[in-house]
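Only the coordinates and a few stated rules stand behind these numbers; no lab work does. Quick caveat: nothing in here was measured; it's all calculated off a predicted structure. A quick note on method: Cβ atoms are made from the backbone with ideal geometry, for glycine too, and the neighbour counts reach across all protein chains shown.
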Amino acid sequence: RKEVEQDPGPFNVPEGATVAFNCTYSNSASQSFFWYRQDCRKEPKLLMSVYSSGNEDGRFTAQLNRASQYISLLIRDSKLSDSATYLCVVTYNYGQNFVFGPGTRLSVLP
Amino acid sequence: ETGVTQSPTHLIKTRGQQVTLRCSSQSGHNTVSWYQQALGQGPQFIFQYYREEENGRGNFPPRFSGLQFPNYSSELNVNALELDDSALYLCASSYSGTGSFNEQFFGPGTRLTVL
């Protein structure tokens, strides 16, 4: 079993749709959690950190369930510019181990 | 922009050759991590350097080695290149210390092609 797994995708959604991405991790000692986005042939960029209480940044909401070892990202009112690959990241050993999921590709269609 | 720079941008080598990739970390950061990203996959952790020492290593053979310098910049060296080493190599810098959340910020990457 992979350390971090994500929805296989791709997700093709119309503009304005709400889309949710799911991520599960296997290491119960995981300490920090992030969502990154990666545009085609570019580097990953930090989208948001994920806190135990859940957090929101504009149209983006991240949730963490430590008991189920599950992280989610919700995008509301999706825009064409949201088209990218979304990478779930889990860290442990105080940041020494930074494990990426395989990513889920999102295409927002006009 | 993150302030993390990498060089070169692109590189073409042949099997058996050696390559050195370079990374300058963001100002204020003391930790550099290296990743290999094959097409269509997530980045795979190679190793991390903190205070000029290797601070963690992923599942990569010893022919992948690195250095960190006093100014926190870093090099990734790969010996005896194989065709499967063709990938995007990403460097990420972060701050490791009390209270840090360890967010990593990535450079634009070096695309290595091995022929």
Report summary line: Taking a ≥ b ≥ c as the square roots of the eigenvalues of the Cα gyration tensor, with a/c under 1.5 meaning rounded and otherwise prolate when a/b exceeds b/c and oblate if not, the stretch A:29-81 is oblate
Requested in this report: Would you mind computing, in nm to one decimal, how far apart the modelled labels at B:Thr113 and B:His10 are, each placed 7 Å from Cα along Cα→Cβ?
Outcome: 0.6
Query - Simple label model, 7 Å out from Cα along Cβ direction - B:Leu83 to B:Asn71, nm - result: 4.0
**Report entry** Per-residue average of Cβ from other chains inside 10 Å of B:62-68
**Finding:** 0
**Report entry** Cysteines without a disulfide-compatible neighbour (Cβ-Cβ under 4.7 Å), chain A
**Finding:** A:Cys40
Query - Share of alpha-carbon pairs per 10 Å distance bin for the protein assembly as shown, given as whole % - result: 8, 33, 35, 19, 4, 0
Report summary line: Taking B:63-74, B:36-47 and ranking on average Cβ neighbours within 10 Å, highest first, one gets B:36-47, B:63-74
Report task. Quick one: among A:Cys23, A:Cys88, A:Cys40, which has the greatest mean-square fluctuation in a GNM of chain A with alpha-carbon springs under 10 angstrom? Result -> A:Cys40
Report summary line: Partner lysines whose C-alpha sits under 25 Å from that of A:Lys45, ignoring same-chain residues fewer than 8 away, are A:Lys2, A:Lys79
Query raised in the report: For chain B, rounded, prolate or oblate, judged on the Cα gyration tensor with a ≥ b ≥ c (square roots of eigenvalues), a/c < 1.5 rounded, else prolate if a/b > b/c?
Result: prolate
